[in-house]
Amino acid sequence: MAKECYFNRLLVDIFPNHPLFKETQWFVTEDVNVEHLLDVFTSVDANSDDIWDVCVGLMRHLFNHKPRLTVLEPKIRGLPDDHHYKPNCLFWLAQLFYTVGNYAECKQLLVHSLELGRAKGCVYIISRALIVLAATNNWLGLYKEGIEQAEEALGIYKQTNHIPSQVLAYQQLSLLFHGNKQLDSAEEAALKAISLLPDEDSPLEVCQCKQVLATIYCSKGMREIGTNYFRAALEIASTFNLHNRLYWIYICLARLLFDQGRFDDAHTHFEHAKLHVVNDMYSLGHVTQLQAQLLCHQHRFEEAKTEALHALSMFEKVGAMDCLEECRTLIDNILHLMGQEVMVSSSKLWCSLCAH
């Protein structure tokens, strides 16, 4: 009975802007038990659609409540390509890799899911894989490829007249255009996204759009307008307790302050960002690494090393391979700079002794 209860509750829609989100946070303490049961059941009956449906529910809960990888990965990869649930399982497995910053692995899984979707002629699978591929390519710096994928997804969403998905596609296009230095196109896409939804009905989406616009205007040198959009996004996120949005807004503001040379204010905003990390070790590692970089820039090398080592530990726990490599490089650079500082201090001391 307990198992059935767990599994039924895994089939509930649990996205952060869904009314039942708080009611499903029981998963944070039960995730390992549920995962263990599913590992056993998939071994007993790997052909059961019901079991794989629940596995998808598990990965969706992990994605929303406790981002990490899953021990079910080998079994998902081992499903035959003609298995009914393989495209969906691959998609949500890719989402987990996305949440821990392993974008190369995420992309590989999404490409496979997309291929299976195209073979089935399933518009839903195709469009969903395309939009997350676009987001992944944005992180990988492959902006032109991402733009093509977001535009294809947008075309599908226009045909189906699904407004929320059109907003998502325009948002992603805006980010990709911004990364590709096409700032006017980025602004146009962001404004199109925000025009499709009324403020009162879609606070999360409106908040995201205003955050994107803030970043674009700051990049265009229009910092006052950009700051106003950041404030508007911050007000919406605070009103509706959108912790993930608050996290990213404070990260963006901290980077902006860093570029202005306001390092103490940047530190404060990084600390604010940490307050809005909820059961997400990857995000905590990310902001900790950014703090280490800031401390390094200030020549506070011991503090920078401590923060970078903390970030490294967190990335190791969630299996964020790309971030691990980047963090190790940061630590090597900090140690190198510390060594140079010791050499300079020793040289100054020697010169002082010689002068006497």
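The values are calculated or read from the model by the stated rules, or taken from the named source; none is laboratory data. Because the structure is predicted, anything quoted here is derived from the model rather than measured. Cβ coordinates were reconstructed from backbone atoms using ideal geometry, including for glycine residues, and neighbour counts include every protein chain displayed.
Some observations on this one:
- Annotation note: Cβ proximity below 8 Å between a residue of the stretch 318-345 that is of a type in the set (D, E, K, R) and a residue that is modelled with pLDDT under 90 (sequence gap 6+ or interchain) occurs for ASP322/GLY101.
- The residues in the stretch 111-130 that are under 18 Å from LEU154 (Cβ atoms) and of a type in the set (D, E, K, R) can be counted, and the count is 2.
- Residue within the stretch 83-103 that is free of Cβ contacts under 8 Å to residues at least 24 places away in the same chain, surrounded by fewer than 22 Cβ atoms within 10 Å (Cβ to Cβ) and out of contact with any Ser or Thr (no Cβ under 8 Å at 6 or more places or on another chain) present: no
- Close pairs from the stretch 169-191: first buried (at least 23 other Cβ atoms within 10 Å of the Cβ), partner of a type in the set (Lys, Arg), Cβ under 6 Å, at least 6 apart: TYR170/LYS192
- In the stretch 197-211 there is at least one residue that is touching a Cys at 6+ places or on another chain (Cβ under 9 Å), buried (at least 17 other Cβ atoms within 10 Å of the Cβ) and either under 23 Å from GLN260 (Cβ atoms) or modelled with pLDDT of 95 or more (or both).
- Annotation: of all residues in the stretch 231-245 being in contact (Cβ under 8 Å) with a residue 24 or more places away in the chain and small (Gly, Ala, Ser), the one that is nearest to ASN279 (Cα to Cα) is ALA237.
- Criterion violated by TYR157 - all others in (1) crowded, with 17+ Cβ neighbours inside 10 Å; (2) under 21 Å from the mean Cα position of the chain (by Cα); (3) closer than 28 Å to HIS65 by Cβ satisfied: (2)
- Looking across the stretch 117-133, just one residue is surrounded by 21 or more Cβ atoms within 10 Å (Cβ to Cβ) and farther than 18 Å from LEU168 by Cα, and that is GLY117.
- When the stretch 174-230 is filtered for residues that are more than 15 Å from ILE249 (Cα to Cα) and of a type in the set (Phe, Trp, Tyr), only PHE177 remains.
- Which numbered condition TYR85 misses (of (1) on the phi > 0 side of the Ramachandran plot; (2) modelled with pLDDT under 95): (1)
- Candidates in the stretch 305-356 are the residues that are at pLDDT 80 or above and among the polar types (S, T, N, Q); of these, the one that is nearest to TYR98 (Cα to Cα) is SER313.
- With a requirement of 3 or more residues that are more than 15 Å from the chain's Cα centre (by Cα) and small (Gly, Ala, Ser), the helices (runs of 4 or more DSSP H) lying completely within the stretch 222-307 that satisfy it span 223-239.
- Test result for ILE194, in a helix (DSSP H, G or I) and either small (Gly, Ala, Ser) or not assigned by TED's automatic domain parsing to the domain that holds GLU148 (or both): no
- Number of residues in the stretch 221-237 that are buried (at least 20 other Cβ atoms within 10 Å of the Cβ) and under 16 Å from ALA190 (Cα atoms) equals 4.
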